[in-house]
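Trainee: Structure provided below as structure tokens; questions to follow.
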């Protein structure tokens with residue numbers, strides 16, 4: 001299948017900014033002709049851990065703000081001191097080198113402190129989506145063998161419920177909870193005040209389950225951690241991602257695989273100690289984590305932390321703090337433009353605007369360019385690639401485009417069956433290799449083996465995404481081999497939602513597909529066969545309400561359709577593709 005390139009997707013070439021010397025461009029790297037002149041084609045990675053970045057930044061810029069939270073600043077010296085105290089507390093709870101510690105909270109300064117405290121203790125961060133319910137959270141205790149959970153106070157009950165449901169041998173040893181108000185200023189500045197609903201949530205002090213330790217108490221104990229010994233090839237991060245079958249799988253990232261994009265991202269976006277970053281993408285997400293938690297520490301940047309998305313607050317924070325770098329998802333830009341106050345926001349300080357998770361509509365991108373002189377640089381990456389494996393250069397971005405391969409990345413489009421490399425324009429599976437690619441799935445050698453393939457003597461990661469490369473070496477996504485729903489950038493795996501729906505007492509069978517949504521792009525739809533005793537008694541709204549109580553909001557079906565039977569193959573497997581095609585045909589009609 002061939003796809004013709006749309007010239008309108010490309011910005012005009014400025015020869016002074018890109019390398020147009022074709023004599024230096026290998027035939028299999030056409031994108032090098034458009035590589036920014038300001039950048040080397042590869043980055044040299046330090047032989048250090050991610051914690052070392054914090055030590056260096058705190059030594060260089062002790063008084064500089066590492067975070068700003070509703071106007072309250074935390075210096076690099078304070079961040080380092082708190083991370084070391086918390087690392088000592090973790091070790092006092094029995095956490096040893098290589099042990100896993102779960103991080104389960106919304107964006108806040110404590111997230112950065114806790115993340116780096118875990119690394120300082122030579123342990124492994126297990127980030128968990130803060131929207132998970134108790135039924136889901138148990139997996140993040142059992143599968144990684146989590147020793148300690150650090151969570152928001154409002155989530156401590158979920159952790160306790162999940163923990164209590166497990167055999168004593170599998171339970172976490174300690175739970176540490178923090179209130180978001182612990183880091184708030186005593187008085188809100190009028191321009192930076194949250195909405196009343198957000199204020200109530202931030203100031204809440206829910207009762208904690210017995211035995212839960214409090215954040216401030218843990219820091220006050222004054223524990224001193226032992227010497228750090230981890231190096232670049234030690235395990236640092238275990239984020240979970242679902243596949244088309246089964247429960248979520250842990251992706252093993254070392255300090256080195258993360259450092260590749262920490263440094264690469266800073267170089268690509270011209271980041272430095274002068275950068276002021278808006279940290280609003282959820283920090284438990286690989287993109288929010290990279291750009292809001294670990295990359296700023298390398299250069300000594302300041303992160304202006306937003307706990308949740310709010311377009312009015314975002315506009316005021318950009319204006320007040322002169323945000324220079326903002327990585328987001330396109331729906332945030334769309335929402336910001338929908339504000340009746342958006343023309344009053346001062347976006348002139350923005351120097352780098354990037355994101356992914358969903359395609360940026362051309363009309364919105366054009367408004368950004370016309371009204372603010374800003375290019376939106378889309379990128380592409382997966383949890384397995386620690387965020388970007390591809391990115392659009394600011395000098396020549398293309399819309400609805402994944403961009404060009406990142407520093408040190410070799411990506412190809414191959415036939416999914418024969419693995420033969422396809423020419424530009426032909427659609428196939430995108431495979432990639434590079435320094436940021438994960439080491440494999442935690443305790444799952446079969447899934448790891450299936451995720452990689454050898455081509456020309458090199459090991460490539462199979463992304464599961466269908467796409468094509470144009471003649472300039474830019475990559476475009478066409479479809480997905482994996483059965484995934486992309487709801488406003490959140491990845492929803494139907495099999496996981498189906499497993500949870502089967503716990504509903506009225507559900508006999510369920511098949512989850514994607515449906516079109518004007519705002520989210522895609523949303524979750526459940527095709528349900530009810531048990532005989534539930535028919536006529538359970539309505540669509542009942543399933544939707546139950547789902548919101550038992551799974552993360554972005555996973556919960558917003559649409560439910562009851563059917564008498566689900567179509568099945570001769571082997572008895574539900575033919576989800578048939579249902580998806582029917583839904584797609586309805587969209588087209």
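Trainee: Normalized C-alpha radius of gyration of region 293-426, against 2.2 N^0.38 Å?
Mentor: Values: Rg = 16.9 Å, N = 134, 2.2 N^0.38 = 14.1 Å.
Compactness ratio reported: 1.19.
Trainee: Related question: State, as an integer percentage, the relative contact order of the chain based on alpha-carbon contacts under 8 Å between residues 6 or more apart.
Mentor: Taking the mean separation of contacting Cα pairs over the length of the chain, I get 13 percent.
Trainee: Using Cβ counts within 10 Å as a stand-in for footprinting exposure, how do 34, 438 rank, fewest first? Please report the intermediate quantities before stating the final value.
Mentor: Numbers: 34 22, 438 25.
Ascending Cβ contact count within 10 Å gives the list 34, 438.
Trainee: So, one more: Sort out for me the Cα centre separation of region 433-452 from region 334-389, rounded to whole Å.
Mentor: The distance from the Cα centre of region 433-452 to that of region 334-389 comes to 31 Å.
Trainee: Counting DSSP beta bridges in region 500-589, what percent are antiparallel, to the nearest 5? Before the final figure, lay out the partial values.
Mentor: Values: 11 of 15 bridges.
Of all bridge pairs located within region 500-589, approximately 75 percent are antiparallel.
Trainee: Same structure again: Can you give the Kirkwood hydrodynamic radius for the chain, in Å, rounded to one decimal and based on Cα pairs?
Mentor: This gives a value of 24.9 Å.
Trainee: For region 443-589, what D do you get in µm² per second when you plug the Kirkwood radius from alpha-carbon pairs into Stokes-Einstein at 4 °C and 1.567 mPa s?
Mentor: Details: Rh = 17.4 Å.
D, rounded to a whole number, is 75 µm²/s.
Trainee: Something else now. Quick one: check the C-alpha center-to-center distance for region 278-324 versus region 548-564, whole angstrom.
Mentor: If we compute the Cα centre of each part, the gap is 31 Å.
Trainee: If region 498-545 were replaced by its equivalent ellipsoid, with semi-axes equal to the square roots of 5 times the Cα gyration tensor eigenvalues, what would those be, largest first, whole Å?
Mentor: The equivalent ellipsoid of region 498-545 has semi-axes of 22, 11, 8 Å.
Trainee: Okay, next question. By DSSP, what percent of the beta bridges with both residues in the chain are antiparallel, rounded to the nearest 5? It would help to have the intermediate numbers written out before the result.
Mentor: Details: 53 of 87 bridges.
Given both bridge residues lie in the chain, the antiparallel proportion sits at roughly 60 percent.
Trainee: Another question about this same structure. Please provide three numbers in whole Å: the alpha-carbon extents of region 106-145 along the principal axes, with the largest listed first.
Mentor: On the principal axes, region 106-145 reaches 30, 23, 8 Å in Cα extent.
Trainee: What does the C-alpha gyration tensor say about the overall shape of region 76-251? Classify as rounded when a/c is under 1.5, otherwise prolate if a/b is larger than b/c, or oblate.
Mentor: Numbers: a/c = 1.59, a/b = 1.18, b/c = 1.35.
Because a/c hits 1.5 or more and a/b fails to exceed b/c, region 76-251 counts as oblate.
Trainee: Does region 222-316 classify as rounded, prolate or oblate by the C-alpha gyration tensor (a ≥ b ≥ c root eigenvalues; a/c under 1.5 gives rounded; else a/b over b/c gives prolate, otherwise oblate)?
Mentor: oblate
Trainee: Relative contact order for region 76-251: what is it in percent, counting Cα pairs under 8 Å that are at least 6 residues apart?
Mentor: 28 percent
Trainee: Calculated from DSSP H runs of 4 or more alone, at -39500 (n - 2.57) each and per residue, what is the 222 nm mean residue ellipticity of the chain, nearest 500?
Mentor: -8000 deg cm²/dmol
Trainee: Right, another one. By counting other Cβ atoms within 10 Å of each Cβ, how are 131, 283 ranked from fewest to most?
Mentor: 131, 283
Trainee: List 67, 48 from most exposed to least, where exposure is judged by having the fewest other Cβ atoms within 10 Å.
Mentor: So the residues, fewest neighbours to most, are 48, 67.
Trainee: Any number yet on Rg/Rh for region 154-222, C-alpha, Kirkwood?
Mentor: 1.09
Trainee: Turning to a different aspect of this structure: Let me check against my output: what whole-number percent is the relative contact order of region 485-588, with C-alpha pairs under 8 Å and at least 6 apart?
Mentor: 26 percent
The numbers here are math on the coordinates, done by the rules we state, and not lab data. The structure presented is a predicted model; accordingly, all values stated were derived computationally and were not measured. Virtual Cβ from ideal backbone geometry, glycine too; neighbours counted across all protein chains shown.
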